[in-house]
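The structure appears below as structure tokens.
The values are calculated or read from the model by the stated rules, or taken from the named source; none is laboratory data. Treat the numbers as computed from the prediction; the structure is a model and nothing was measured. Cβ coordinates were reconstructed from backbone atoms using ideal geometry, including for glycine residues, and neighbour counts include every protein chain displayed.
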């Protein structure tokens, strides 16, 4: 059956692509997601016996975006068959092929069966590890789309550096079907916010603002999950002990201790009084080996932290960050933690002011993610 598609340049570029990795970087309204939904329908019409996976970080957002586009296109073409739609398993059968939809909030599916074609919607939401797990289980081609809001991201380092990768950049001007009202809204940012316009208007890689952590959310309490602690020693400036919960590739955090002029003995007593599980991993400033050793002798599972600043920040920024709303010092640091600048250039080095909590957060998340494989993980309930 020949499909009568209203296709854009973005569809045509993806259709012609033969590389294993096809990366769609684009601004708002550039038709990148819609074009990939069209592409998977066309590919499913032209082959048989294949498995197509369409994924996003969470199933609710996938259902409201790429999944909705996919079925709207089928219905608009008059080829949707409800008998082929298993709404319980989120699988649509088409021309002897299976098109499955799942979110990464369904971790068993990330590491389950193989597929032939993969489309990652809003790929910059995923962690690098999730991408690697999906990639290892994809036989033929992997397509992804994203808005380039992060200057530093694993997509640039782990995907676009490969010889078998193709980058397709698109803007709203590539979509002739975009309503005039939407175009007006996009162009509104041309003068209002040049960086926003560069990303969402022109589809260009964002330039980091001076602030390092620009996107995080406040929460009432931490959920259950894998717990790890980060510890930054201080004296004149505060000693910061931070609790982190890792769940579904998201990071949840709260300050536990944030206090100046605290000795190791007082710190250990406070940790005992709080009731911190001594089996839980704790990563501390490796510049203080003697203090680490004293805490270890007190029975805590403490190790020197991996202090690679840039990689640690990237590890946190590749995940969604949630902060306990009662952690007032943490919130203040997140709001002020910034990159150094020189001659109007933003450097890859933070300003060393008010960084006790953020350092402890980095120690916990980055060190735990890169701990030796033989190390045992502990899952405990947060306080």
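Annotations for the structure displayed:
- Residue 49 meets the conditions (1) on the phi > 0 side of the Ramachandran plot; (2) part of a helix (DSSP H, G or I) in every case but one. The failed one is (2).
- Test result for residue 132, surrounded by 16 or more Cβ atoms within 10 Å (Cβ to Cβ) and in contact with a helix residue (DSSP H, G or I) (Cβ under 9 Å, 6 or more places away or on another chain): no
- Flag if residue 54 is surrounded by 15 or more Cβ atoms within 10 Å (Cβ to Cβ) and over 26 Å from residue 130 (Cα atoms): no
- One residue from 325, 311 being at pLDDT below 95, surrounded by fewer than 19 Cβ atoms within 10 Å (Cβ to Cβ) and within 25 Å of residue 133 (Cβ to Cβ): 311
- Set 273, 232, 277: member being over 30 Å from residue 145 (Cβ atoms) and touching a helix residue (DSSP H, G or I) at 6+ places or on another chain (Cβ under 9 Å): 232
- Where residue 228 falls short, out of the listed (1) within 14 Å of residue 295 (Cβ to Cβ); (2) under 32 Å from the mean Cα position of the chain (by Cα): (1)
- Check on residue 150, out of contact with any strand residue (DSSP E or B) (no Cβ under 7 Å at 6 or more places or on another chain), under 20 Å from residue 249 (Cβ atoms) and surrounded by fewer than 19 Cβ atoms within 10 Å (Cβ to Cβ): no
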